[in-house]
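Working notes for the structure below.
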Amino acid sequence: MARSRTTGAADSRCPSCGAAVHRQWVGRVAALRITADLTPLTPEQQHAVRTPNRLIWCLHQGGPYTPPQLRSISPFHRADCPHPHVTEHHCNPEPTTLF
Ligand SMILES: [Zn+2]
Ligand SMILES: [Zn+2]
């Protein structure tokens, strides 16, 4: 992901921690405002973070004229999906694993 596009309105930053996130309204009827991390997750990470309260999203890369778009992942989502899978952004405090 060496490309850096600053044209789309989709890319923004978390006001709390400043991390680059993708913001988007998802859903037509009951729209959710999703703030997603831009870091693709490995299948292991997806399995680890997936909880009833934290969803994984498929981040379709936009074209030259279309912004990236989050898509929900169904149980039939293709395993070899070429798009990065990301999760909702949760502000991480400073790493505290080292004492
Ligand atoms: Zn996908
Ligand atoms: Zn944050």
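The values are calculated or read from the model by the stated rules, or taken from the named source; none is laboratory data. A quick note: this is a predicted structure, and the numbers were derived from the prediction, not measured. All accessible areas refer to the heavy atoms of the entire protein, side chains included, with ligands and DNA or RNA removed. Shrake-Rupley method; radii C 1.70, N 1.55, O 1.52, S 1.80 Å.
Using only the heavy atoms of the protein chains and a 1.4 Å probe, how would 44, 88 rank by accessible area, largest first?
From most accessible down to least: 44, 88.
Could you tell me the relative contact order of region 38-90? Use alpha-carbon pairs under 8 Å, at least six residues apart, and round to a whole percent.
47 percent
Could you go through region 68-80 in sequence order and give the Karplus-derived ³J(HN,Hα) for each residue, using 6.51 cos²θ - 1.76 cosθ + 1.60 with θ = phi - 60°, rounded to whole Hz, and x for Gly and Pro?
Calculated HN-Hα couplings, in order: x, 9, 7, 10, 6, 9, 8, x, 9, 4, 5, 5, 9 Hz.
Amide H of residue 19 versus every other amide H placed in the peptide plane: which residues, excluding those fewer than 5 positions away on the same chain, fall under 5 Å?
Here 14 satisfy the definition.
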